[in-house]
Amino acid sequence: MFLEMEQRNELKTVPIFSIALAVLHDSLRQKDDRIEELEEALRESVQITAEREMVLAQEESARANAEKQMEELLAAMEKVKQELESMKAKLSSTQQSLAEKEAHLTTLRAERRKHLEEVLEMNCLGALDILERPPERWMMMEGLILMKRPSSEVRSKALSHLSMF
């Protein structure tokens, strides 16, 4: 009887072991599945991190290029500003020189006008003097005027007029 009971206990323990083994096997399978899920999540996370780092590197490169361009533009703007200042100085100098030359030209025009008035006055006085002279003097003056003409024929006429006096 004892033997029978032992056999019955054996039979009872076999199903308990198989159930425990099945539970352990199921637990290991779940853990393996969970490990695979975590490994996949880790791979995705690493890929996302790598992509983000690439994007950040590209953004950093773009920012560095933008800063470099900004510095170049600021340098170019400073150069243009200096050239503008130089041109302003030259313009000021040129305007001052122009004003001086215009003042000198105004003075020269006034002197010319004065000289022309004097010449006109002298011509008028000379004409009055000629008009007051006797007719012989008229002929002599006509001879001098004819001498000033370029042709030799006219000069010979003038000399003949002068020789009469």
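Please treat every number below as a calculation from the coordinates, not as lab data. Only a predicted model underlies this, so the values are computations on that prediction, with no experimental measurement involved. Please note: Cβ atoms are built from the backbone with ideal geometry, for glycine as well, and neighbour counts cover all protein chains shown.
Over all other residues within a Cβ to Cβ distance under 14 Å of residue 33, the charged ones net out to -3, with Lys and Arg as +1 and Asp and Glu as -1. Close lysine pairs were tallied over the stretch 2-132: pairs 8 or more places apart or on different chains with Cα atoms under 18 Å apart number 5. Its residue count N sets the reference 2.2 N^0.38 Å, and the alpha-carbon radius of gyration of the stretch 2-132 equals 3.92 times that reference.
Fully extending the segment from residue 128 to residue 41, taken as 0.36 nm per residue of separation minus the present Cα-Cα distance, adds 18.8 nm. Between the beta carbons of residue 64 and residue 84, assuming R0 = 41 Å, the FRET efficiency works out to 0.85 to the nearest 0.05.
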